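Working notes, structure below.
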Amino acid sequence: MQKRLLAWYDGAKRSFPWRETTDPYAVWVSEVMLQQTRAETVIGYYTRFMKRFPSVGVLAQADEQDVLKAWEGLGYYSRARGMRKCAELIVKGYSGVFPKDVDVLRKLPGIGAYTAGAVASIAFGVRTPAVDGNVERVVSRLCGIRDDVGVPSVKRRIRSEAEAMMPRERCGDFNQAMMELGARICQPAPRCELCPVRQFCDASLAGDADALPVKQRKAPQRVVVRTVMLVFHERAVLLHRRDEKLLHGLWCFPGFDRLQTPAEAVKRLEELRIHAVYAETIGSARHTFTHIIWEMTLMVFRAASRSAPDGWIWADLAALASLPLPTATKAAQRAAEQILKLGAYDSLQPD
Ligand code: SF4
């Protein structure tokens with residue numbers, strides 16, 4: 001099975017910039033980016049990130065805002081913050097050299113079992129599995145594991161099966177081959193007729209591959225209705241840096257849960273000592289996070305002055321382009337940019 005899988009991987013693997021190196025820093029950056037994001041999308045982010053922060057030392061010294069900016073659009077921003085912290089620790093605690101030991105890697109902030117396994121096997125050739133969602137699916141089918149993969153003991157079993165099937169050599173390639181098989185052939189709807197390891201696959205022989213892995217249904221995402229306010233004053237729009245866990249450290253337009261009436265929204269702004277009048281409602285937008293969905297109504301306001309509480313800023317077009325804003329507010333950002341370009345509100349004052 002190992003020989004067949006590696007031979008298939010050698011002939012079929014897609015070429016990606018991170019596959020041309022075994023530098024642990026580069027492997028780490030790519031593996032963190034590849035979590036939850038398609039490889040084709042990651043290419044551009046990875047290339048720009050490596051140019052901007054070419055080593056763990058440079059990343060350790062970087063300003064968190066610059067790192068978040070380079071991450072803008074990838075989502076799951078806690079990963080970017082975790083990476084910067086982790087880089088600092090590697091520089092301080094390990095003289096800037098990545099540890100080879102999986103258990104040591106796992107103790108670093110933001111490095112879980114998967115990332116530790118991927119870095120150790122790909123960069124250092126350590127015989128340790130890297131089980132992401134793709135590999136979990138492949139292993140559960142190959143080994144015929146028909147229990148709920150959300151249960152910790154089943155997760156442990158999948159990990160130990162993944163480890164047991166690893167060869168003594170080419171461990172990094174083997175892990176990547178398993179991931180590639182999951183991404184290309186052993187997809188949620190399996191393409192067993194094209195699979196190089198079909199003859200070794202329990203689920204394919206049993207005919208229930210498409211029913212595996214067994215997963216309990218997730219609770220549906222909660223819908224949160226929000227009012228997002230674009231408040232303008234003289235070619236600048238109001239932004240604040242979020243303190244909340246969700247999108248922490250990123251710059252957002254003022255927003256409040258539930259749909260506010262224009263009068264309520266003005267009152268909320270007054271509470272922040274921002275005196276403004278309602279201009280119009282310009283549309284709506286929707287963003288899906290892992291657990292919640294934001295359904296946003298975008299309202300425009302004109303402010304009387306540039307007063308703003310601490311942690312809030314008035315951003316012009318250049319600042320809007322350079323600050324890290326989350327994808328969740330892209331529609332609002334595009335609208336704000338358009339309004340600022342047109343100068344639509346710069347000379348208007350509250351009634
Ligand atoms: Fe997946 Fe089918 Fe290959 Fe089994 S034979 S590993 S189910 S693609």
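The values are calculated or read from the model by the stated rules, or taken from the named source; none is laboratory data. This structure is a prediction, so every number in the text was calculated from the model and none was measured. FYI the Cβ positions are ideal-geometry reconstructions off the backbone, even for glycines, and counts take in every protein chain you see. Side chains are part of the model used for accessible areas, which takes the heavy atoms of the whole protein and leaves out ligands, DNA and RNA. Shrake-Rupley method; radii C 1.70, N 1.55, O 1.52, S 1.80 Å.
Considered as a group, the residues in region 107-117 that are out of contact with any Cys (no Cβ under 8 Å at 6 or more places or on another chain) and surrounded by fewer than 16 Cβ atoms within 10 Å (Cβ to Cβ) include one that is farthest from Ser204 (Cα to Cα), and that residue is Lys107.
Scanning region 28-84 for residues that are open to solvent by 40 Å² or more (accessible area, probe 1.4 Å), at positive phi and not hydroxyl-bearing (Ser, Thr, Tyr) turns up just one, Gln36.
Being more than 19 Å from the chain's Cα centre (by Cα) and of a type outside the set (D, E, K, R) is the filter here; which residues of region 18-43 pass it? Step through it out loud before you land on a result.
Here is the first cut: in region 18-43, the residues more than 19 Å from the chain's Cα centre (by Cα) are 19-24.
Hits for region 18-43 are Thr21, Thr22, Pro24.
The number of residues in region 188-202 being more than 8 Å from the ligand (Cβ to nearest atom) and either of a type in the set (A, V, I, L, M) or without any contact (Cβ under 8 Å) to a residue 12 or more places away in the chain (or both) comes to 3.
Out of curiosity, is Ile185 under 20 Å from Ala7 (Cβ atoms), away from the ligand (no atom under 16 Å from the Cβ) and at pLDDT 95 or above? Before the answer, list the steps.
Working: under 20 Å from Ala7 (Cβ atoms): yes; away from the ligand (no atom under 16 Å from the Cβ): no; at pLDDT 95 or above: yes.
No: the conditions fail for Ile185.
Among the residues of region 117-167, the ones that are away from the ligand (no atom under 16 Å from the Cβ), part of a helix (DSSP H, G or I) and not hydrophobic (A, V, I, L, M, F, W, C) come to 10 in all.
If you go through region 206-217 one residue at a time, do you hit one that is of a type outside the set (Val, Ile, Thr) and more than 16 Å from the ligand (Cβ to nearest atom)?
Start the filter on region 206-217 by keeping residues that are of a type outside the set (Val, Ile, Thr), which leaves 206-213, 215-217.
After this cut, where a residue has to be more than 16 Å from the ligand (Cβ to nearest atom) as well, the list is 216-217.
Yes, some residue in region 206-217 is of a type outside the set (Val, Ile, Thr) and more than 16 Å from the ligand (Cβ to nearest atom).
Please find, among Phe200, Phe174, the residue that is in the same structural domain as Thr21 (by TED's automatic domain parsing), aromatic (Phe, Trp, Tyr), farther than 30 Å from Phe301 by Cα and buried (at least 21 other Cβ atoms within 10 Å of the Cβ). Steps first, please.
Values: Phe200 fails: buried (at least 21 other Cβ atoms within 10 Å of the Cβ).
Among Phe200, Phe174, only Phe174 is in the same structural domain as Thr21 (by TED's automatic domain parsing), aromatic (Phe, Trp, Tyr), farther than 30 Å from Phe301 by Cα and buried (at least 21 other Cβ atoms within 10 Å of the Cβ).
Taking the conditions (1) more than 10 Å from the ligand (Cβ to nearest atom); (2) assigned by TED's automatic domain parsing to the domain that holds Leu34 in turn, Glu244 satisfies each one other than (2).
Among residues of region 207-223 that are of a type in the set (Gly, Ala, Ser), those with a Cβ under 7 angstrom from a residue that is assigned to a helix (DSSP H, G or I), sequence gap 6+ or separate chain, pair up as Ala209/Arg141; Ala209/Cys192; Ala209/Ala203.
Taken together, the criteria place Arg141 among residues that are farther than 29 Å from Pro326 by Cβ, basic (Lys, Arg), open to solvent by less than 10 Å² (accessible area, probe 1.4 Å) and assigned by TED's automatic domain parsing to the domain that holds Thr22. Taken together, the residues in region 291-323 that are surrounded by fewer than 14 Cβ atoms within 10 Å (Cβ to Cβ), under 28 Å from the mean Cα position of the chain (by Cα) and assigned to a loop (DSSP other than H, G, I, E, B) amount to 3.
Tally the residues that are in a strand (DSSP E or B) and acidic (Asp, Glu), restricting the search to region 266-290. Lay out the reasoning, then the answer.
Filtering region 266-290 for residues in a strand (DSSP E or B) gives 276-288.
Those still in the list that are acidic (Asp, Glu) too: 280.
Total satisfying the criteria: 1.
For Ala120, the conditions (1) open to solvent by less than 30 Å² (accessible area, probe 1.4 Å); (2) in contact (Cβ under 8 Å) with a residue 24 or more places away in the chain all hold with the exception of (2).
When Ala265 is tested against (1) open to solvent by less than 20 Å² (accessible area, probe 1.4 Å); (2) of a type outside the set (Lys, Arg); (3) touching a helix residue (DSSP H, G or I) at 6+ places or on another chain (Cβ under 6 Å); (4) without any contact (Cβ under 8 Å) to a residue 60 or more places away in the chain, only condition (3) is not met.
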